[in-house]
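Read through the structure below, which is laid out as structure tokens, and then see the notes.
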Amino acid sequence: MKIVVLIKQVPDTAEERILDPATGRLDREASDAVIDEITERALELALSVKDGDKSTEVVVATMGPKEALKSIRKALSMGADSGIHVLDDGLAGADLVVTASVLAAALRDTGADLFIAGNESTDGRAGMLPAMIAEHLGLPLLGSLVAADISAQSVSGQRATEAGTQDVSAAYPAIVTVTERFAEARFPNFKGILGAKRKPVSTLSAAELGDTGQISSSVLEVSQRPPRTAGAKITDDGNAAAQLVDFLASRRLI
Amino acid sequence: MANILALVELTHTGHLAPSARGLLAVAARLGTPVAVTATAEPLGPETVAQLAELGAAHIHAAQFPAANSTLITPLVDALADAVGAHAPAAVLIAASTDGREAAGRLAVRTGGGLLADVVDVRMAEDSIVTEHSVFGGNYTVDAQVSGALPIITLRSGAIDEAGAPAAGELLEVTPAPSSTTNATIESFADVPEESSRPELRGASTVVSGGRGLGSAENFSLVEQLADALGGAVGASRAAVDAGYIAQNAQVGQTGVSVSPQLYIALGISGAIQHRAGMQTAKTIVAINKDEDAPIFEIADLGIVGDVFTLVPQVIELLKART
Ligand SMILES: Cc1cc2nc3c(=O)[nH]c(=O)nc-3n(C[C@H](O)[C@H](O)[C@H](O)COP(=O)(O)OP(=O)(O)OC[C@H]3O[C@@H](n4cnc5c(N)ncnc54)[C@H](O)[C@@H]3O)c2cc1C
Ligand SMILES: Nc1ncnc2c1ncn2[C@@H]1O[C@H](COP(=O)(O)O)[C@@H](O)[C@H]1O
């Protein structure tokens, strides 16, 4: 089986993330870039299939700036076999519509049985790209899974929605997206890190992918919220419960 | 006035999703609201009446025999049919698990533009402008779509508004399902209806518990305080991962974003990813036994103390007041 995992490089959520007020784009200098944790879990799912069946081929694909190669190399050191990097300065500031058609064009001829992505990215939080790629490629999507069963014939899983959970299934080729309820990713070992340097990464430019549409959405204005400040801090000496209730009453919260 | 489509999600048992109210209210701000549904059976008269009450001028009710066993694509087929029939100026969809997928597919199918995870929408000089709360509420971003149909996903709980009742004129259609290869829904397990407690999204009081609660049994302390305050129950990711409470209670970066009047954090350290989902609350109260816990940096009232001592006392005092 061939599995393509859609990984994304994002600013580390553990640090403050900065938007450029003029363009509304991320200030990439301001924070460390890491593989989005959910897409690392997506890769872990693919690697666990490979653990069970060595003939499984795992490819990681990403669209992102030059630095995104670091994330691809990390994924290769964890155990992926090869990488696809869509890299084009012209794609800086691409919106969801353009990103989806670029990625769909890059993935169309991979011959994958299964694509695995995250249910949403921690920077954009759109949660839409995988569905858009599914529509472009005419594939079924099992989105926002909390558990998955990847068998030779089909993929099934449990999908969490606001109203409850659903048992869902699809035939290959298909796309699934995982939530953070999936297992944490493994760490690369020494052998993996050495081997990663020799694994192939193909770089694609936008021009090689044909017509990928026009950017239609634009940012008009960005404003920063003033940071929150700390209020009173008290240590419980037997009276804190009463002080809490008085505080709520004084703010008319009870 | 231009037509504005609002995708109304119905559960497989036919209940209206809570998002319908806000979607139809925003649609009424922008033009003539047209509710769009995709169901296996014809819409019941009760549902039609409810949608009229919430402000739907028209109801584009698409029927698909396989609507209950096919994932997402019936919603997209219904929306695409309605886009063709009503030439809308915008499409409004909840940023729910189903809604986001439907919006993404619809944008590809109709060549529309996307505005995702929107917290407010307004008309500015004849164009629709959306407001987004980005990076845990640290930034507010205004955006728009030009030269394409704007498809907007609205964050749940962000709009607390109801539209004026309208005619709710029913238009029943049976579009052909798209030929896309589909995913199948085998079965459903609904979340138990907790009618007594408010929904986390949009609640005015939220009481959340973290790893500091120590066990699922102890987590009931969080629920008891929430009930004493008439609030909703939330949790940190660590509490969800430990199995103290269901995952839909998770507040934060990858969970629900809340902006209540009052947020009480019990045994939560206040990691940046948790703060990303609650730091826009009006008033924040935290109880943590570690005086250096980062949650105190944003709390209006921080109490260094033990939740197991303090919370029962607070509940008693609240009871004594009523
Ligand atoms: C990509 C990514 C996304 C994430 N998304 C989220 C998210 O959406 N939501 C989220 O919450 N986290 C999220 N996290 C995880 C986050 O980083 C923290 O790990 C998590 O919030 C910690 O939860 P906690 O505060 O309950 O646990 P801990 O950090 O372990 O804190 C427990 C606290 O309880 C206190 N305590 C213990 N016993 C008591 C007692 N008896 N009385 C009073 N206080 C006590 C301790 O002093 C401690 O401060 C995410 C992380 C990543 C990397
Ligand atoms: N630039 C990208 N390159 C590769 N995969 C991506 C990219 N952007 C998003 N994805 C995938 O799509 C998922 C959902 O992203 P989003 O729709 O942006 O919330 C992510 O978890 C990734 O798996």
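Tell me which residues come under 5 Å, amide H to amide H, from A:Val34 once H is placed; ignore anything under 5 positions away on its chain.
Those lying under 5 Å, H to H, from A:Val34 are A:Val10, A:Asp12.
If I model a spin label at A:Lys233 and A:Glu208 as a point 7 Å from the Cα along the Cα→Cβ vector, what separation in nanometres do I get?
5.4
Tell me, A:Met1, B:Met123 in order of fewest to most beta-carbon neighbours within 10 Å? Can you show the working numbers first?
Numbers: A:Met1 17, B:Met123 12.
Taking fewest neighbouring Cβ atoms as first place, the list is B:Met123, A:Met1.
Could you give the C-alpha radius of gyration of segment A:72-162 expressed as a fraction of 2.2 N^0.38 Å, taking N as the number of residues it contains? Provide the component values of the computation, followed by the final result.
Working: Rg = 14.3 Å, N = 91, 2.2 N^0.38 = 12.2 Å.
Taking N as the residue count of segment A:72-162, the ratio is 1.17.
Residue by residue through A:239-250, how many Cβ atoms from other chains fall within 10 Å of the Cβ on average? Mind showing how you got there, number by number?
Working: counts 1, 10, 13, 3, 2, 12, 8, 2, 5, 11, 2, 0.
Per residue, the number of nearby Cβ atoms from other chains is 6 on average.
Using only Cα atoms, figure out Rg for segment B:85-244 and give it as a multiple of 2.2 N^0.38 Å.
1.33
Using DSSP, restrict attention to beta bridges with both residues in segment B:3-173 and report what percent are antiparallel, rounded to the nearest 5. Please list the in-between numbers first.
Values: 12 of 39 bridges.
Expressed as a percentage, antiparallel bridges in segment B:3-173 total about 30.
Give me the percent of DSSP beta bridges within chain B that run antiparallel, rounded to the nearest 5. Write out the running numbers ahead of the final one.
Numbers: 13 of 60 bridges.
Once the DSSP bridges in chain B are tallied, antiparallel ones form about 20 percent.
Pairwise over distinct Cα atoms, reciprocal of the mean inverse distance: report the Kirkwood radius of segment B:3-173 in Å, one decimal place. Mind dumping the intermediate values first?
Numbers: mean 1/r = 0.0637 Å⁻¹.
15.7 Å is the Kirkwood radius here.
Once every Cα of segment A:145-195 carries one equal point scatterer and solvent is ignored, give the base-10 log of I(q)/I(0) from the Debye formula at q = 0.20, 0.21, 0.26 Å⁻¹, two decimals.
For segment A:145-195 at q = 0.20, 0.21, 0.26 Å⁻¹, log10 I(q)/I(0) is -0.76, -0.79, -0.97.
Could you tell me the center-to-center distance, by alpha carbons, between segment A:58-110 and segment A:211-254 in angstrom?
Cα centres, segment A:58-110 to segment A:211-254: 37 Å.
Given a cut-off of 13 Å, what percent of all Cα-Cα pairs of segment B:225-267 lie beyond it? Before the final figure, lay out the partial values.
Details: 483 of 903 pairs.
Roughly 53 percent, rounded to a whole number.
Kindly work out what percent of the DSSP beta bridges joining two residues of the protein assembly as shown are antiparallel, to the nearest 5.
Details: 43 of 119 bridges.
Here the antiparallel bridges make up roughly 35 percent for the protein assembly as shown.
With n ≥ 4 as the cut-off for DSSP H runs, can you work out [θ] at 222 nm for chain A, using -39500 (n - 2.57) per run divided by the number of residues, rounded to the nearest 500?
Working: 6 runs with 66 residues, N = 254.
Rounded to the nearest 500, the figure is -8000 deg cm²/dmol.
Pop out the Kirkwood hydrodynamic radius of the protein assembly as shown from its pairwise C-alpha distances, inverse of mean 1/r, in Å to one decimal. Don't jump to the answer; show the numbers that get you there.
Working: mean 1/r = 0.0405 Å⁻¹.
One over the average 1/r among Cα pairs gives 24.7 Å for the protein assembly as shown.
Over segment A:2-204, what is the relative contact order in percent, taking alpha-carbon pairs closer than 8 angstrom and at least six residues apart? Intermediate results must be reported in sequence, preceding the final value.
Values: 407 pairs, mean separation 52.0, N = 203.
Over segment A:2-204, the number comes to 26 percent.
Segment A:1-45 to segment B:277-302: how many Å between their Cα centroids?
Using only Cα atoms, the two centres lie 27 Å from each other.
Stretched out fully, how many nm does the piece from B:Ser187 to B:Glu125 gain, at 0.36 nm a residue minus the Cα gap? Present the calculation step by step, with values, prior to reporting the outcome.
Numbers: separation 62, 0.36 × 62 = 22.32 nm, distance 4.73 nm.
Difference between extended and current length: 17.6 nm.
Can you give me the three principal axis dimensions of segment A:1-155 from its C-alpha atoms, in Å, biggest first?
Per principal axis, max minus min of the Cα coordinates gives 50, 31, 28 Å.
Full extension from B:Asn218 to B:Met1: what is 0.36 nm times the residue separation minus their Cα-Cα distance, to one decimal in nm? Walk me through the numbers before you get to the answer.
Working: separation 217, 0.36 × 217 = 78.12 nm, distance 5.49 nm.
Fully extending the segment from B:Asn218 to B:Met1 adds 72.6 nm.
State, to one decimal in nm, how far the label point of A:Asp149 lies from the label point of A:Ala92, with both points 7 Å from Cα in the Cβ direction.
4.9
Can you work out D for segment B:5-101 in µm² s⁻¹ from Stokes-Einstein, where Rh is the Kirkwood radius over C-alpha pairs, the temperature is 25 °C and the viscosity is 0.890 mPa s?
Values: Rh = 13.1 Å.
Once the numbers are plugged in, D ends up at 187 µm²/s.
For segment B:205-320, what log10 I(q)/I(0) values come out of the Debye formula at q = 0.09, 0.14, 0.22, 0.24 1/Å, with one point per alpha carbon and no solvent?
Scattering profile of segment B:205-320, log10 relative to I(0): -0.19, -0.47, -1.28, -1.56.
For A:Lys2, go through the lysines and keep the ones whose alpha-carbon is under 24 Å away, minus same-chain ones fewer than eight residues off.
Qualifying lysines at Cα under 24 Å: A:Lys50, A:Lys54, A:Lys70, A:Lys74, A:Lys191, A:Lys197, A:Lys199.
How far apart, in nm, are the 7 Å Cα→Cβ label points at A:Glu57 and B:Asp290?
Label-label distance for A:Glu57 and B:Asp290, simple model: 4.7 nm.
Taking only DSSP H segments of four or more residues, each worth -39500 (n - 2.57), what value at 222 nm results for chain B once the sum is divided by all its residues, to the nearest 500 deg cm²/dmol? It would help to have the intermediate numbers written out before the result.
On the way: 8 runs with 83 residues, N = 322.
Result for chain B, helices only: -7500 deg cm²/dmol.
In square nanometres, what is the average projected area of the Cα convex hull of segment B:156-207? Before the final figure, lay out each step's value.
On the way: hull surface 31.4 nm².
Orientation-averaged projected area of the Cα hull: 7.8 nm².
Whose amide H sits under 5 Å from the amide H of B:Ala90, counting only residues 5 or more places off or on another chain, with H placed in the peptide plane?
Result for B:Ala90 returns B:Leu5.
If R0 is 56 Å, what FRET efficiency do you get for A:Phe187 and B:Lys319 from their C-beta distance, rounded to 0.05?
Numbers: r = 50 Å, r/R0 = 0.90.
Rounded to the nearest 0.05, the efficiency is 0.65.
Once you have the alpha carbon radius of gyration of segment A:19-66, what is it after dividing by 2.2 N^0.38 Å, with N set to its residue count?
That works out to 1.67 for segment A:19-66.
Per q in 0.07 1/Å, what log10 I(q)/I(0) does a Debye calculation on the alpha-carbon atoms of chain B return?
Cα-only, vacuum Debye calculation for chain B: -0.32.
Report, by chain and number, residues whose modeled amide H sits under 5 Å from the one on A:Ala147, excluding near sequence neighbours (fewer than 5 apart, same chain).
Those lying under 5 Å, H to H, from A:Ala147 are A:Gln158.
Determine the distance separating the Cα centre of segment B:205-224 from the Cα centre of segment A:134-187; give it in Å without decimals.
Here the answer is 30 Å between Cα centres.
Run through segment A:158-249 and list the trypsin sites (Lys or Arg not before Pro) located in a DSSP loop whose Cβ has at most 14 other Cβ atoms within 10 Å. Don't skip to the answer; put the middle values down first.
Numbers: sites: A:Arg159, A:Arg181, A:Arg186, A:Lys191, A:Lys197, A:Arg198, A:Arg228, A:Lys233; in loops: A:Arg181, A:Arg186, A:Lys197, A:Arg198, A:Arg228.
Those that pass, being in a loop and sparsely packed, are A:Lys197, A:Arg198.
Rule-based calculations on the coordinates, nothing more; no lab input. On a predicted model such as this, the values are computed, not experimentally measured, just so you know. Note that each Cβ is placed from the backbone with ideal geometry, even for glycine, and that neighbours are counted across all protein chains shown.
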